[in-house]
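Written below as structure tokens is the structure these notes are about.
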Amino acid sequence: MNKNKRFTDKMHFWGSVWSISALAVLYCVPLIFSLYYNVFPQFSVLLKALAAVIPIYWGTAIVEVITYTPMLGAGGTYLSFVTGNIANLKLPCAMNAMNRADVKATSEEGEVISTIAIGASAITTTVIIAVGVLAFLPVIPYITAEGSVIKPAFEFVIPALFGALGASYFAKYWKLSILPILIGVIVYIFVPSLPVGTMLFVTIVVSLLGAFGMYKLKWIKE
């Protein structure tokens, strides 16, 4: 118990340190550019621009923390929010790793595996992106040009990724998958402009309520 508590305390300490450090670096970038070029935006103009987007991002940020933390664990959450690209990469990697190890997200084993998977994902992504940028830099203008026959394929990368990752879960937990997919389709039919972060929260809540209802009705065992 004491070892687990010390591990958790250290995780929260270093997670807080690196989260604050990442925020400081992000804020320093525009500040350094402003100081170097001696160009500072007018506060009234900046505030007016931020007023239009801050409510959206604050809502999304709150929803993402509430949604992702139970699935990723403390260590995975800190790593994910510092390195970014959670929904597209970190979350699928963590869930797939825990599924392969046959552990639950809320268990101590699940938290450790989630943290390792997300850390490995972040390192691998950084290396692959660096190599890919250097290798494809000469040909990128040609394959992404308006007349390129390959360009339309880039619009389907994320759907293809999630389709491949989701197919195994849908097949394994098909009873739990029907309700959130159905609700998601219906919501997007009537509210097609709904932000992805909000839709993610809606479908997760529906999944939880649906799973609880099916468990109470004894349609599923666990």
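The values are calculated or read from the model by the stated rules, or taken from the named source; none is laboratory data. A quick note: this is a predicted structure, and the numbers were derived from the prediction, not measured. Backbone-built Cβ (ideal geometry, glycine too); neighbour counts: all protein chains shown.
Looking across segment 181-206, the residues that are touching a residue at least 40 places away in the same chain (Cβ under 8 Å) and either among the small types (G, A, S) or not in a helix (DSSP H, G or I) (or both) come down to P195, G197.
Return a yes/no flag: does segment 106-117 have any residue that is touching a Ser or Thr at 6+ places or on another chain (Cβ under 8 Å) and either within 20 Å of F7 (Cα to Cα) or surrounded by 12 or more Cβ atoms within 10 Å (Cβ to Cβ) (or both).
no
In segment 96-130, the residue that is farthest from T67 (Cα to Cα) out of those that are of a type in the set (V, I, T) and touching a residue at least 12 places away in the same chain (Cβ under 8 Å) is T125.
Can you name every residue in segment 141-159 that is of a type outside the set (D, E, K, R), under 26 Å from the mean Cα position of the chain (by Cα) and surrounded by 11 or more Cβ atoms within 10 Å (Cβ to Cβ)? So that I can check it myself, show each step before the final result.
Step one: filter segment 141-159 for residues of a type outside the set (D, E, K, R), giving 141-145, 147-150, 152-154, 156-159.
Within this subset, residues satisfying the condition of being under 26 Å from the mean Cα position of the chain (by Cα) are 144, 152-154, 156-159.
Answer for segment 141-159, where residues must be of a type outside the set (D, E, K, R), under 26 Å from the mean Cα position of the chain (by Cα) and surrounded by 11 or more Cβ atoms within 10 Å (Cβ to Cβ): T144, A153, F154, I158.
For segment 118-149, the candidate set comprises residues that are touching a Ser or Thr at 6+ places or on another chain (Cβ under 9 Å) and of a type in the set (S, T, N, Q); within that set, the residue that is farthest from P92 (Cα to Cα) is T126.
For residues that are closer than 23 Å to T60 by Cα and among the hydroxyl-bearing types (S, T, Y), scanning just segment 168-198, find the one that is modelled with the highest pLDDT. Among those that are closer than 23 Å to T60 by Cα and among the hydroxyl-bearing types (S, T, Y), it is Y188.
Residues that are of a type in the set (G, A, S) and under 16 Å from A61 (Cα atoms): does segment 199-222 have at least one? Lay out the reasoning, then the answer.
Of the residues in segment 199-222, the ones of a type in the set (G, A, S) are 207, 210-211, 213.
Checking which are under 16 Å from A61 (Cα atoms) leaves us with none.
Within segment 199-222, none of the residues are of a type in the set (G, A, S) and under 16 Å from A61 (Cα atoms).
Residues of segment 182-222 that are in contact with a Ser or Thr (Cβ under 8 Å, 6 or more places away or on another chain) and among the aliphatic types (A, V, I, L, M): I183, L200, I204. Within segment 29-45, residues that are without any contact (Cβ under 8 Å) to a residue 60 or more places away in the chain and of a type in the set (S, T, Y) reach partners that are part of a loop (DSSP other than H, G, I, E, B) and surrounded by 10 or more Cβ atoms within 10 Å (Cβ to Cβ) with beta carbons closer than 7 Å, at six or more positions or on different chains, in the pairs S34/F40.
Would you confirm whether any residue within segment 89-102 is surrounded by fewer than 13 Cβ atoms within 10 Å (Cβ to Cβ) and small (G, A, S)? Within segment 89-102, not a single residue is surrounded by fewer than 13 Cβ atoms within 10 Å (Cβ to Cβ) and small (G, A, S).
Do you know which residues across segment 126-155 are among the charged types (D, E, K, R) and not in a helix (DSSP H, G or I)?
Of everything in segment 126-155, those that are among the charged types (D, E, K, R) and not in a helix (DSSP H, G or I) turn out to be E146, E155.
Of all residues in segment 170-180, those satisfying the criterion of being in contact (Cβ under 8 Å) with a residue 12 or more places away in the chain and surrounded by 14 or more Cβ atoms within 10 Å (Cβ to Cβ) are L176, L179, P180.
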